[in-house]
There are 2 protein chains.
Amino acid sequence: MATLTTQQLAQASGVHAETIRYYERIGLLPAPPRAANGYRRYGADAVTRLGFIRRARELGFAIEDIRGLLDLAAHPDAPCRDADALVQRQLEAVAARIRDLQALHSALQTLAGCDSDAAAHCRLLETLENRACPQCDAQHAATA
Amino acid sequence: MATLTTQQLAQASGVHAETIRYYERIGLLPAPPRAANGYRRYGADAVTRLGFIRRARELGFAIEDIRGLLDLAAHPDAPCRDADALVQRQLEAVAARIRDLQALHSALQTLAGCDSDAAAHCRLLETLENRACPQCDAQHAATA
DNA sequence: CTTGACTCCGTAGTGGCTACAGGGTTCAGC
DNA sequence: GCTGAACCCTGTAGCCACTACGGAGTCAAG
């Protein structure tokens with residue numbers, strides 16, 4: 001039967017070889033048997049499991065969450081309530097992060113496009129220094 | 001003249017005391033004079049500088065960026081081109097992050113609200129296992 | 001005199017990798 | 001048989017921006 005080296009598994013799964021070893025170290029991927037020379041020899045199940053992990057990471061799940069999901073996936077008869085709860089929590093976390101970043105984006109937009117000659121009248125620096133500067137505001141309004 | 005302890009500076013600036021010591025260690029905040037007992041004694045300028053740093057962090061700027069911004073703020077006659085370039089880069093980075101998260105959010109939404117009795121028919125696990133499962137899809141469509 | 005809240009310093013931990021350093025193995029070509 | 005490239009191994013340190021801890025000194029109130 002065909003076995004894969006770490007590098008081949010990396011190519012087949014889309015996960016870097018060093019990351020594969022890292023996953024083994026933290027117990028996310030079981031240690032495979034070794035060849036006589038000490039090289040790891042992976043079977044097809046490793047490709048499957050690593051693909052699972054990669055997709056879960058792409059969905060933003062934490063390593064610890066993924067441990068739970070792998071457990072769940074190993075018990076096809078268990079209710080998927082836990083998995084769904086994880087999805088809900090993840091959705092809420094992502095939504096919150098998006099809201100934060102959108103607020104950040106608006107704040108940055110009010111500071112962008114400043115081409116003042118002097119840093120003293122720069123909108124960004126005004127803001128960071130918490131300065132009220134009517135002269136600067138007027139100038140910005142005029143040039144806008 | 002009034003001086004502040006680390007804790008008092010923390011309260012005045014909204015930055016944790018341990019973070020203040022961290023900023024001193026990495027050279028972002030200058031080391032203040034010490035009292036006879038070895039305690040740090042901050043003046044009002046530290047409140048200003050730390051406020052600047054805090055606001056810049058809230059805008060998502062990296063520590064290294066903030067070093068540059070502090071330099072810039074110390075030279076009021078320098079053109080603010082560099083600051084504006086930093087804002088533009090930051091805006092683009094935030095926008096990209098938002099786009100990524102929105103894609104993630106959509107992906108998660110198609111997986112949410114699964115209340116299957118068996119993990120084998122859970123939409124999340126199907127996706128993670130990269131399984132095509134017409135039976136599951138039909139069931140989900142029917143219960144949706 | 002004790003209690004509890006502060007201060008100090010240095011180090012280690014967080015998450016999820018990534019990048020070495022310093023060695024061994026394999027294989028193709030000469 | 002030799003060389004060199006490309007792989008493999010282990011273990012450790014680095015990334016970011018903190019945060020938490022251990023162990024010790026200091027200080028004001030009761």
With criteria (1) at pLDDT below 95; (2) surrounded by fewer than 19 Cβ atoms within 10 Å (Cβ to Cβ); (3) within 14 Å of DNA strand D (Cβ to nearest atom); (4) not β-branched (Val, Ile, Thr), B:Ala17 comes up short on (1)
Criterion violated by A:Leu50 - all others in (1) closer than 30 Å to B:Ile98 by Cα; (2) within 13 Å of chain B (Cβ to nearest Cβ); (3) away from DNA strand D (no atom under 16 Å from the Cβ); (4) not small (Gly, Ala, Ser) satisfied: (3)
The lone exception for A:Ala103 - which of (1) closer than 30 Å to B:Ala56 by Cα; (2) modelled with pLDDT of 95 or more it fails: (2)
Could you figure out which of (1) of a type in the set (S, T, N, Q); (2) in a helix (DSSP H, G or I); (3) more than 10 Å from chain A (Cβ to nearest Cβ) isn't true of B:Asn37? (2)
Only one of (1) part of a loop (DSSP other than H, G, I, E, B); (2) within 11 Å of DNA strand D (Cβ to nearest atom); (3) open to solvent by 40 Å² or more (accessible area, probe 1.4 Å); (4) under 21 Å from B:Leu70 (Cα atoms) does not apply to B:Tyr22, and that is (1)
Return yes or no: is B:Ala85 over 16 Å from A:Glu129 (Cα atoms) and part of a helix (DSSP H, G or I)? yes
Of all residues in region B:51-65, how many are surrounded by fewer than 21 Cβ atoms within 10 Å (Cβ to Cβ) and β-branched (Val, Ile, Thr)? 1
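Output the residues belonging to region A:26-45 that are over 15 Å from A:Ile66 (Cα atoms) and more than 8 Å from DNA strand C (Cβ to nearest atom). Steps first, answer last, please.
As a first pass, look at region A:26-45 and keep what is over 15 Å from A:Ile66 (Cα atoms): A:31-45.
Within region A:26-45, A:Ala31, A:Pro32, A:Pro33, A:Arg34, A:Arg40, A:Arg41, A:Tyr42, A:Gly43, A:Ala44, A:Asp45 meet the criteria.
Can you confirm whether region A:36-50 contains a residue that is modelled with pLDDT of 90 or more, of a type in the set (Gly, Ala, Ser) and crowded, with 19+ Cβ neighbours inside 10 Å?
At the first step, the residues of region A:36-50 found to be modelled with pLDDT of 90 or more are A:36-50.
Next, only the ones that are of a type in the set (Gly, Ala, Ser) stay: A:36, A:38, A:43-44, A:46.
Then drop every residue that is not crowded, with 19+ Cβ neighbours inside 10 Å, which leaves A:46.
Yes: one or more hits.
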Just to be sure, is A:Val87 among the β-branched types (Val, Ile, Thr), surrounded by 20 or more Cβ atoms within 10 Å (Cβ to Cβ) and more than 13 Å from DNA strand C (Cβ to nearest atom)? yes
If I go through region B:49-70 residue by residue, how many of them are touching an Asp or Glu at 6+ places or on another chain (Cβ under 9 Å) and without any contact (Cβ under 8 Å) to a residue 24 or more places away in the chain? 5
Mind checking whether some residue in region B:53-72 is closer than 23 Å to B:Ala2 by Cα and either in the same structural domain as B:Ala12 (by TED's automatic domain parsing) or under 21 Å from the mean Cα position of the chain (by Cα) (or both)? yes
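The values are calculated or read from the model by the stated rules, or taken from the named source; none is laboratory data. This one's a predicted model, so the numbers in the text were calculated from it and none came from an experiment. FYI the Cβ positions are ideal-geometry reconstructions off the backbone, even for glycines, and counts take in every protein chain you see. What goes into the accessible areas is simple: the full protein's heavy atoms, side chains included, and nothing from ligands, DNA or RNA. Shrake-Rupley method; radii C 1.70, N 1.55, O 1.52, S 1.80 Å.
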